[in-house]
Structure formats: structure tokens, C-alpha cells
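Input: a single structure, listed below in C-alpha cells.
The values are calculated or read from the model by the stated rules, or taken from the named source; none is laboratory data. Just so you know, these numbers come straight off a predicted model, no measurement behind them. Please note: Cβ atoms are built from the backbone with ideal geometry, for glycine as well, and neighbour counts cover all protein chains shown. Areas reflect the complete protein model, heavy atoms only, side chains present, ligands, DNA and RNA absent. Shrake-Rupley method; radii C 1.70, N 1.55, O 1.52, S 1.80 Å.
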Amino acid sequence: MTTRSLFLLPGDGIGPEAMAEVRKIIAHMNDADSAGFVTDEGLVGGSAYDAHGQAISDADMDKAMAADAVLFGAVGGPKWDAVPYEVRPEAGLLRLRKDMELFANLRPAICYPALANSSSLKQDVIEGLDILIVRELTGGVYFGEPKEIIDLGNGQKRGIDTQVYDTYEIDRISAVAFELARTRRNEVCSMEKRNVMKSGVLWNEVVTATHKARFSDVKLSHMLADAGGMQLVRWPKQFDVIVTDNLFGDMLSDIAAMLTGSLGMLPSASLGAPDAKTGKRKALYEPVHGSAPDIAGQGIANPIAMIASFAMCLRYSFNMVAEADRLEAAIAAVLDKGLRTGDIMSDGCQKITTAEMGDAILAAYAG
Ligand code: IPM
Ligand code: MG
């Protein structure tokens, strides 16, 4: 029997609550579908800091590297606001991304029909929305050196971050975007700030060259990232795949998340390059939302982004396309029934807890 190894990192805040719902689905798939998932669990973020003074331990890093896929909840919270920068909760996530070389972050924003009226945007603007943001995840200003605060000695300090991109980084992320576009509506919009930033000029050049050399069948357009943000809220359905750098992707994907009604809806996949021998990609799946410390521990968080992240895991790490489709359909079916967690609640719907949402999705999946 196939075994599929999953390393679970629930993290902080609502992370463990959301992960508990995925655990139920994994258990069901092992029982009913003989899926052969073998799970192990580790600590990341504030919970790892509390246990061993690091945002993720070396032992857990090794397990993440060895697993077929990592499922990640969320990290951070006010409890760890004062911990040193190097071991702040987010450092655990950034280390996972960097050490596993997860350069390609896929953030699909889909508007479920049942939620078309819960966005802050007008219904006709977001109804039927299906866009994919491809965010570069291991470069740019997140990791560029120097990254420091220096004392200028005159009572002033200087904070420095460095935005840096090399040709190969832009080439490989745009190739991912073009390949995914071919499986969708075949359009890519690249976003940068070439009017201000040298890295933006290079980004634009390389995306254009990669397109010309290998993907000229895909329709390519370019947009300045600020205009792109504006267009995302003006008429988001003009986009199919958006490819952009680490920082712009962080911001644009939060905007895209709100188009879908709630940050609690958006899943993501972070993928490495396929291994030369096995073809396998290292991969981490996480909801786009954070740890939401304000509602943590109350059992009211929305587990859908976490469950949808697991659906992406089935699709991209295990090629379990039928199961992924079925799980996504189960989410849609539960929303159609009017079941809602608080963040997506609207008139005439039934408000349910995190666990009830997980159970309802599992019941619809098992159907
Ligand atoms: C995200 C998050 C992270 C990021 C934080 C938690 C470091 O906002 O995944 O979008 O900035 O990338
Ligand atoms: Mg973010």
C-alpha cells in the first residue's frame, strides 16, 4: 500500500483549531479510501519558541524536509511581540520557505457562489471570480541582504531592507505561472514597479524573455503593481493568473482574499522545484489567514482555508485530483446549505462552530 507522509505544523492561535478539522478528514480518508497518510506533528512559531526558544527546531526542520508535504496552520500573536527578531514566530515560516526552497506560492482566489454577497464588493464584481496569484516566495525584500538597522551615531538610526532578484528567480517563477495558465484561461499578468525599481525593470525583461522563448502561446500582459491593486478591486475578473514578487504578492493576495468574502477562505500552496530524479516537489500548504489571536481558543474560527489548503495538497503533492475535486465540492455544498462560521455569516444563514463546519464538510465529502 502507498504511504504518504504528512508533517503537521499547527502553530499558534487558531492554527491548531483549524488543523484539527483537517485531521478528521485525513483519518476518514485513511479509513474509507485507504489513502495511507502517515502523519507526524511538530511545533512552529510562538509555540516552538515557548518549548525551545526557537521559531522552529532543527529536528522539526529535518522532518519538514523529509515529508512528502507539510501542512502549516498559522503563527504569531501578541504573547510573542517582545521576543527577539531572529526568533519571532514568523521566522519559523520564513525558514521553512527558504530552507525548503519553496519559491512558488500559489494563492487561488475563488468566489463560492453562496458567498457572492458576503464580499465588501458588489456582487456582480466578484460573482464567478476565479483568479490565481503566483507569488515569488524565497527572494526579494523578504530575504535580500543587507537587512539591518544601523546606528548612524548622530542620534539617528537607519533601517535597511534590500530588494534583490536574479534572472533565474524571475525565470522560474514566471515559468510556473505560464504553465498554470495553460491549464486555465491561458492568460498571465505580471506585476512589478519598473517605473521606480531596478528589480522591477529586470522582472519585466525576464518575464518577457521567458514568455517569448517558451510560452508564446500564453497571453501575457504587464501592470504596475499599484495599478494592479486598484484593478483587483475595480474589476478582478479581468485577471486569470497574476505573477508577482514576494512583497507585492503578499499585499495583492490579501486584497484578493477579501474579494472572496473573508480571509478565512483562502488556501495556498508553496512549492519547490521538481527533484531531478524523482520529479517530486517539496511542498507546504497553508491558509493565507494568520493566527487570529483575538478569536483563538473559542472554537469559532473558519477552518475552510485550512481544509482547502489540504485539498491543494491532495492535488499538487499526491495527484489525488478526484479527491481534491470532491473536497472542494464538499466545501461549496456546505456553503450552499447556508452553514457559516462568524466571519462569513449573513442573514438567513446558520451560524456554526469550527468543529461543526469541519464535520459538515467531512459529511459532505463522505456523502
Ligand atoms: C503570508 C504572511 C507571511 C508573509 C507572514 C506571516 C510572515 O503574511 O503568508 O502572507 O508576510 O509572507
Ligand atoms: Mg500576508
On the given criteria, is Ala48 more than 27 Å from Asp250 (Cβ to Cβ) and either in a strand (DSSP E or B) or open to solvent by less than 20 Å² (accessible area, probe 1.4 Å) (or both)?
-> no
Residue set Ser221, Ser199, Ser216, Ser253; condition of a type in the set (S, T, N, Q) and out of contact with any strand residue (DSSP E or B) (no Cβ under 9 Å at 6 or more places or on another chain); output residue Ser216
When the stretch 84-102 is checked residue by residue, the ones that are more than 13 Å from ligand 1 (Cβ to nearest atom) and either closer than 23 Å to Leu232 by Cβ or open to solvent by less than 20 Å² (accessible area, probe 1.4 Å) (or both) are Met100
Can you name the residue in the stretch 1-45 that is under 14 Å from Met320 (Cβ atoms), surrounded by fewer than 14 Cβ atoms within 10 Å (Cβ to Cβ) and touching a Gly at 6+ places or on another chain (Cβ under 9 Å) and is also modelled with the lowest pLDDT among such residues?
-> Thr2
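Pick out the one residue from Leu263, Leu232, Leu247, Leu224 that is over 22 Å from Gly128 (Cα atoms), in the same structural domain as Met191 (by TED's automatic domain parsing) and within 16 Å of ligand 2 (Cβ to nearest atom). If you could, list the steps in order and put the result at the bottom.
On the way: Leu263 fails: over 22 Å from Gly128 (Cα atoms); Leu232 fails: over 22 Å from Gly128 (Cα atoms); Leu224 fails: within 16 Å of ligand 2 (Cβ to nearest atom).
After ruling out the rest, the residue left standing is Leu247.
So which residues in the stretch 60-78 are of a type in the set (Gly, Ala, Ser), open to solvent by less than 60 Å² (accessible area, probe 1.4 Å) and out of contact with any Ser or Thr (no Cβ under 7 Å at 6 or more places or on another chain)?
From the stretch 60-78, those of a type in the set (Gly, Ala, Ser) are 64, 66-67, 69, 73-74, 76-77; that's our starting set.
Add one more test, that the residue is open to solvent by less than 60 Å² (accessible area, probe 1.4 Å), and what stays is 64, 67, 69, 73-74, 76-77.
Those that are of a type in the set (Gly, Ala, Ser), open to solvent by less than 60 Å² (accessible area, probe 1.4 Å) and out of contact with any Ser or Thr (no Cβ under 7 Å at 6 or more places or on another chain): Ala64, Gly73.
Which members of the stretch 122-174 meet the condition of being assigned to a strand (DSSP E or B) and within 23 Å of the chain's Cα centre (by Cα)?
Of everything in the stretch 122-174, those that are assigned to a strand (DSSP E or B) and within 23 Å of the chain's Cα centre (by Cα) turn out to be Asp130, Ile131, Leu132, Ile133, Val134, Arg135, Glu136.
Please tell me if Ala292 is touching a helix residue (DSSP H, G or I) at 6+ places or on another chain (Cβ under 9 Å), at positive phi and either within 16 Å of ligand 2 (Cβ to nearest atom) or of a type in the set (Val, Ile, Thr) (or both).
Numbers: touching a helix residue (DSSP H, G or I) at 6+ places or on another chain (Cβ under 9 Å): yes; at positive phi: yes; either within 16 Å of ligand 2 (Cβ to nearest atom) or of a type in the set (Val, Ile, Thr) (or both): yes.
Yes: the conditions hold for Ala292.
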Subset of the stretch 244-276, residues near ligand 1 (Cβ under 9 Å from one of its atoms) and acidic (Asp, Glu), comes to Asp250, Asp254
Among the numbered conditions (1) touching a helix residue (DSSP H, G or I) at 6+ places or on another chain (Cβ under 7 Å); (2) at pLDDT below 95; (3) on the phi > 0 side of the Ramachandran plot, tell me where Gly264 comes up short.
-> (3)
Where a residue in the stretch 199-218 is under 12 Å from Asp245 (Cβ atoms) and its partner, wherever it lies, is of a type in the set (Phe, Trp, Tyr) and buried (at least 20 other Cβ atoms within 10 Å of the Cβ), with Cβ under 7 Å and at least six apart | Ser199/Tyr165; Leu202/Tyr165; Trp203/Tyr165
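Which one of Glu286, Glu328, Glu323, Glu356 is within 16 Å of ligand 2 (Cβ to nearest atom) and modelled with pLDDT of 95 or more? Don't jump to the end; show me each part of the working.
Values: Glu328 fails: within 16 Å of ligand 2 (Cβ to nearest atom); Glu323 fails: within 16 Å of ligand 2 (Cβ to nearest atom); Glu356 fails: within 16 Å of ligand 2 (Cβ to nearest atom).
Step by step, each of Glu286, Glu328, Glu323, Glu356 is checked, and only Glu286 is within 16 Å of ligand 2 (Cβ to nearest atom) and modelled with pLDDT of 95 or more.
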Those residues that are assigned to a loop (DSSP other than H, G, I, E, B) and open to solvent by less than 40 Å² (accessible area, probe 1.4 Å), I need them from the stretch 310-367; list them, please.
-> Ser317, Phe318, Met320, Gly338, Thr341, Ser346, Cys349, Ile352
Go through (1) within 16 Å of ligand 1 (Cβ to nearest atom); (2) open to solvent by 10 Å² or more (accessible area, probe 1.4 Å); (3) part of a helix (DSSP H, G or I) and name the single condition Ala292 misses.
-> (3)
Just wondering, is there one or more residues in the stretch 280-288 that are over 12 Å from the mean Cα position of the chain (by Cα), assigned to a loop (DSSP other than H, G, I, E, B), of a type outside the set (Lys, Arg) and in the same structural domain as Cys313 (by TED's automatic domain parsing)?
-> no
Quick one: count up the residues across the stretch 51-71 that are outside any helix (DSSP H, G or I), in contact with a helix residue (DSSP H, G or I) (Cβ under 7 Å, 6 or more places away or on another chain) and in contact (Cβ under 8 Å) with a residue 24 or more places away in the chain.
-> 7
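Give the residue, chosen from Arg172, Arg194, Arg158, Arg182, that is of a type in the set (D, E, K, R) and touching a helix residue (DSSP H, G or I) at 6+ places or on another chain (Cβ under 7 Å).
Values: Arg172 fails: touching a helix residue (DSSP H, G or I) at 6+ places or on another chain (Cβ under 7 Å); Arg158 fails: touching a helix residue (DSSP H, G or I) at 6+ places or on another chain (Cβ under 7 Å); Arg182 fails: touching a helix residue (DSSP H, G or I) at 6+ places or on another chain (Cβ under 7 Å).
So the residue among Arg172, Arg194, Arg158, Arg182 that is of a type in the set (D, E, K, R) and touching a helix residue (DSSP H, G or I) at 6+ places or on another chain (Cβ under 7 Å) is Arg194.
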